[in-house]
Amino acid sequence: MSQAQNPTDSSPSDEVKSEGYSLQDWQQLYLEDDLKWDIGEVSPPLLKLWEAGNIPREGNVIIPGCGQGHEVMFFARNGMHTTGVDFAPGACERLSRRLEQEGLNARVVLASFFDLGTGHNLFYDLMFEQTFFCAIHPDQRSSYLETVCRVLKAGGVLAGVFYETGEDGGPPFNTTEDEIRKRFSEYFKISLLEKTQHSIERRKNKEWLGVFVKR
Ligand SMILES: C[S@@+](CC[C@H](N)C(=O)[O-])C[C@H]1O[C@@H](n2cnc3c(N)ncnc32)[C@H](O)[C@@H]1O
């Protein structure tokens with residue numbers, strides 16, 4: 001524990017915690033306004049996917065571990081029925097305030113992604129992933145897969161960026177192309193998986209952009 005890692009981008013308290021962060025840890029970071037992961041804008045690779053028409057542009061979209069919700073704001077602004085989920089009250093309060101200030105309509109759900117109620121089952125056309133997969137402990141990745149499959153419609157799309165930090169510990173926890181292919185190809189057709197050229201500077205060559213279609 002307690003070794004600085006990726007100090008410019010990530011480890012919220014600059015501390016490696018092999019067991020991952022608890023709800024209280026995340027909430028504390030919101031209270032301290034210590035949001036090193038927050039890039040202050042919608043994820044640029046998402047923007048490119050959207051502009052290229054490579055993801056659904058209407059219907060229901062969910063953003064898990066949405067934080068302050070730049071992606072939530074983006075989809076809401078663009079007319080999608082948008083749901084942001086975060087278990088930290090500080091994240092949901094910030095996002096709700098921002099939505100109100102911009103007069104945008106989106107649902108903000110204060111809950112663990114893994115505990116979403118049955119009303120979310122098979123409801124979504126799109127899930128967008130941005131620094132949530134890397135924020136949870138790797139032991140939770142199977143639950144992540146189960147939950148995505150539970151909430152997406154058949155033919156629904158999981159799109160997002162997956163962080164290859166190349167480092168031990170976390171958050172953010174490392175992943176690799178091999179892991180992504182193995183985990184997702186069981187339940188999804190992988191229609192795109194490439195290192196994106198559109199990452200922000202400090203994440204260059206570290207983000208896998210994926211578009212996966214639920215079988
Ligand atoms: C690294 S931050 C990313 C926030 C946002 N996606 C962004 O890129 O700015 C991870 C977020 O996931 C949330 N989170 C972690 N575990 C969660 C869980 N099990 N369910 C819902 N949210 C969770 C944290 O509260 C935090 O807001």
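Values computed for the structure shown
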| item | result |
| --- | --- |
| Among the candidates Ser185, Ser143, residue that is over 26 Å from Asn54 (Cβ atoms) and modelled with pLDDT of 95 or more | Ser143 |
| Total residues in the stretch 89-109, condition touching a residue at least 24 places away in the same chain (Cβ under 8 Å) and loosely packed, with under 14 Cβ neighbours inside 10 Å | 2 |
| Candidate set: the stretch 77-110, residues that are touching a strand residue (DSSP E or B) at 6+ places or on another chain (Cβ under 6 Å) and aliphatic (A, V, I, L, M); chosen: the one farthest from the ligand (Cβ to nearest atom) | Met80 |
| Qualifying residue in the stretch 162-173 (condition: without any contact (Cβ under 8 Å) to a residue 60 or more places away in the chain, of a type outside the set (S, T, N, Q) and away from the ligand (no atom under 15 Å from the Cβ)) | yes |
| Residue in the stretch 63-71 that is surrounded by fewer than 19 Cβ atoms within 10 Å (Cβ to Cβ) and of a type outside the set (Val, Ile, Thr) present | no |
| Condition met for Phe113 (in contact (Cβ under 8 Å) with a residue 60 or more places away in the chain and within 11 Å of the ligand (Cβ to nearest atom)) | no |
| Subset of the stretch 15-40 that is more than 10 Å from the ligand (Cβ to nearest atom) and modelled with pLDDT under 95 - its residue that is farthest from Ile200 (Cα to Cα) | Glu19 |
| Pairs, first touching a residue at least 40 places away in the same chain (Cβ under 8 Å) and closer than 12 Å to Gly67 by Cβ in the stretch 127-144, second among the hydroxyl-bearing types (Ser, Thr, Tyr) and surrounded by 23 or more Cβ atoms within 10 Å (Cβ to Cβ), C-beta under 6 Å, six or more apart | Gln130/Ser43 |
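The values are calculated or read from the model by the stated rules, or taken from the named source; none is laboratory data. What you see is a predicted model, and the numbers here were worked out from it, not measured in a lab. With ideal geometry, Cβ positions are generated from the backbone for all residues, glycine too; neighbour counts draw on all protein chains shown.
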